[in-house]
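What follows is a short report on a single structure.
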Amino acid sequence: MGSDSAIVQAARVSYGKGTKQISQDEALIKYLMRHHHTTPFEMCEIKFHVKLPIFIARQWIRHRTANVNEYSARYSILDNEFYIPKPEQVARQSDNNKQGSGEAFDSHTSKEIIDSLTNDSNLVYSHYEKFIEHGLAREIARTNLMLNYYTQFYWKIDLHNLLHFLKLRADKHAQYEIRVYAEVMLDIIKKWVPMAYGAFVEYCLESVCISRTGLEVVRKLIKGENVTREESGIGKREWDELMFMLGK
């Protein structure tokens, strides 16, 4: 529901479609995005039918600004369909990120892990089927299934909150498995509201946020001054991020 025109219309509190030039509409949307005037973007809504592994659904549902209705394994029987990562995604725990992955394992180790995941997934589903056949309540039978089994839900959200979701989940630091969903959703937005998509990429998705102290460092560097982290008072992690942004 809605379009680039709906965003512009809401911002102008006007009902006169086509009273402005397209270039002016685009400039207005960029202004709204740049200055975080988010209400007009809420005039657009979209509903997705998403099929995804349960462990990704648990990440997804943390975004509490959408309307959700999920497939119920209390009422229905789950399909024997589960997610197995590709070998290049079977990685060690990151040394510097408590919730991220590090380097991939060698091919032999990856194969052992993938085989184990596959065997375990098939085993627990065979038990699940036996539970159902023996008449065990579905709400209990489901409890032994692994987090890599697929669920699905309808997810309805306005454009403003969707863009916030994608700012986080399309980021390179997001888990790979949720990032691939975000990338597909970005393609949908590009076709649906191209002006809003362009502004989002320009001012949010591919932009950076710098603190007040970080901005002072940038200004000094532009003047040709030498600045050390200790002099700036910035913590090591923020300093490293700032230097990465600046290509240093």
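The values are calculated or read from the model by the stated rules, or taken from the named source; none is laboratory data. Bear in mind the structure is a predicted one, so any value in this text is a computation, not a measurement. Glycine gets a Cβ as well: all are built from the backbone with ideal geometry, and neighbour counts include every protein chain shown. The protein model used for the area step is the full one, side chains on, heavy atoms only, and it has no ligands, DNA or RNA in it. Shrake-Rupley method; radii C 1.70, N 1.55, O 1.52, S 1.80 Å.
Numbers for the structure displayed
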| item | result |
| --- | --- |
| Charge dipole magnitude, Cβ of K and R +1, D and E -1 - the chain, Cα centre, debye nearest 20 | 800 debye |
| q = 0.13, 0.27, 0.28 Å⁻¹, the range 32-79: log10 I(q)/I(0) [Debye, one scatterer per Cα] | -0.49, -1.15, -1.18 |
| Fully extended contour minus Cα-Cα distance, from T228 to R64, at 0.36 nm per residue | 54.9 nm |
| By average C-beta atoms within 10 angstrom, highest first, the peptides 92-102, 213-223 | 213-223, 92-102 |
| In Å, descending, principal axis extents of the Cα set of the range 191-248 | 48, 24, 19 |
| Relative contact order (percent, whole number), the chain, Cα cutoff 8 Å, 6+ residue spacing | 26 percent |
| All lysines inside 27 Å of K47 as judged from Cα atoms, apart from same-chain residues fewer than 8 positions distant | K17, K30, K156, K167, K172, K190, K191 |
| Average projection area in nm² (convex hull over Cα atoms of the range 1-115, one quarter of hull surface) | 12.6 nm² |
| The chain: DSSP helices with Cα axial extent of at least 20 Å and average Kyte-Doolittle hydropathy no lower than 0.0 | 176-192 |
| Translational diffusion of the chain, µm² s⁻¹ [Kirkwood Rh, Cα pairs; Stokes-Einstein; 10 °C; 1.306 mPa s] | 73 µm²/s |
| Solvent exposure of the chain as accessible area per residue, Å², 1.4 Å probe | 65 Å² |
| Computed lengthening from D187 to R34, 0.36 nm per intervening residue step minus Cα-Cα distance | 53.0 nm |
| Gain upon complete extension [Y176, K220; 0.36 nm per residue less C-alpha separation] | 12.1 nm |
| The range 139-227, relative contact order in percent, only Cα pairs under 8 angstrom and at least six apart counted | 15 percent |
